[in-house]
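The structure under discussion appears below in the form of structure tokens.
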Ligand code: OKP
Ligand code: ZN
């Protein structure tokens, strides 16, 4: 399996994440990809290639123009305002308040943020844009006939909506790839999100559409980020009714239950009969992930990959989360090797 990878991800190296009332060095850090890259090389999964450029059109096919302009300029404007730390949202358009975008950068951060843990820094935009182009390059490989491809994206994307960042995400790489498939001749695309966290951004982007199926396995939002989306009764709206499937699971869930949910998810995907499958691949369902509560083991990830391969669909893997950094390479590559049958 070919991997698409760019060192541009290193341009995002935020020093702060608001966690437990403290500013800590972020869980979502550059070394995550070093471990994955190292493991890919170690097992010889396949060639590792640089992304191509696709310009802004496929990004603007998913995200609002004003949101993209905000992301592009936020760091410079934050600095110009005289702030000395990294840019962190701290005021929101809450219930019964005005839902319009203010002028001051501090207010705009709250307007576009869905959570406060994600700081915007120098290089964040460039890294996010490169990450989207990694996903688009992987999508092009699948379009050209590859049975599978691994888009080694960073920063991740599945929490980003058309006009929202947060949960370590800025541009929704999987959604951008799905829309690119749609705009280049594929009639139906399925997104299977196996990251521990609910892919609220991806769900929101396609919630009223029947041409992109969204299926997600995740920590029950009563107990887990993003808290305010991902419940089982969210099934889509309008033409999209029935084209969102959420399979939330409680704290302590192990692979027996998780794998049964995966079978349910893959049955829905098979019924949908998409032209291609995009897997939002997070490995934060791992038993020792520091911010998650599922109990999957390293060998479970190999079985996960084999189960996904049994769907028999052209498959684009898009990297999302995974924060037990010492094991992230093994767990991620186990999925890909399982998919390939070893
Ligand atoms: C991004 B991805 C933990 C708070 C976590 C943000 C999590 C973002 C996860 N107590 N806040 O889905 O892996
Ligand atoms: Zn996650």
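Read the figures in this text as sums done on the coordinates, not as results from a lab. Given the structure is predicted, the values throughout are model-derived calculations rather than measurements. Glycine also receives a Cβ, built like all others from the backbone with ideal geometry; neighbour counts cover every protein chain displayed.
Just a few scattered comments:
- Cα centroid separation - the range 239-281 against the range 126-202, whole Å: 17 Å
- Computed over every Cα-Cα pair of the range 277-327 and binned at 5 Å starting from 0, the pair-distance distribution P(r) comes out as 5, 20, 27, 25, 15, 8, 2 percent.
- Radius of gyration, Dmax [the range 252-342; alpha carbons; angstrom]: 12.7, 38
- Using the Cβ-Cβ distance between residue 100 and residue 275 with R0 set to 45 Å, the FRET efficiency works out to roughly 0.70.
- Label-point gap, in nm, between residue 237 and residue 263 - each point 7 angstrom along Cα→Cβ: 3.5 nm
- Ellipsoid equivalent to the range 183-342 - semi-axes via the Cα gyration tensor, in Å: 23, 19, 13
- Helix axis angle, 255-272 relative to the chain longest principal axis, alpha carbon, degrees: 90 degrees
- Two-decimal log10 I(q)/I(0) for the range 128-261, as the Debye equation yields it once each C-alpha is a single scatterer, q = 0.09, 0.16, 0.21 Å⁻¹: -0.25, -0.82, -1.29
- C-alpha long axis of helix 325-340 to longest principal axis of the chain, angle in °: 40 degrees
- Cα pair distances of the range 1-58 binned at 5 Å [whole percent]: 4, 15, 18, 17, 15, 14, 10, 5, 1
- Here the gap between residue 15 and residue 187, fully extended at 0.36 nm per residue and compared with their Cα-Cα distance, gives a gain of 57.7 nm.
- Length-normalised contact order for the chain - Cα pairs under 8 Å, 6+ apart - percent: 18 percent
- Residue with peak Gaussian network fluctuation, the chain [Cα springs, cutoff 10 Å], from 224, 89, 270: 270
- Debye-sum result for the range 33-170 in log10 I(q)/I(0), which assumes one identical scatterer on each alpha carbon, at q = 0.12, 0.13, 0.21, 0.22 Å⁻¹: -0.56, -0.64, -1.27, -1.35
- Per-peptide average of other Cβ atoms within 10 Å, ordering 164-174, 35-45, 139-149 highest first: 164-174, 139-149, 35-45
- Rounded tilt (10° steps) of 173-182 against the dominant C-alpha axis of the chain: 60 degrees
- Calculated P(r) of the chain - Cα pairs past 33 Å, %: 19 percent
- Listed peptides 54-65, 121-132, 6-17, 90-101 appear in the order 121-132, 6-17, 54-65, 90-101 once ranked by packing, highest mean of other Cβ atoms within 10 Å at the front.
- Binning all Cα-Cα separations of the range 72-129 at 10 Å, short to long from zero, yields these whole-percent fractions: 23, 54, 20, 2.
- Förster radius 22 Å - calculated FRET efficiency between residue 126 and residue 57, Cβ distance, rounded to 0.05: 0.75
- Residue exposure sequence - 278, 291, 328 - by fewest surrounding Cβ within 10 Å: 291, 328, 278
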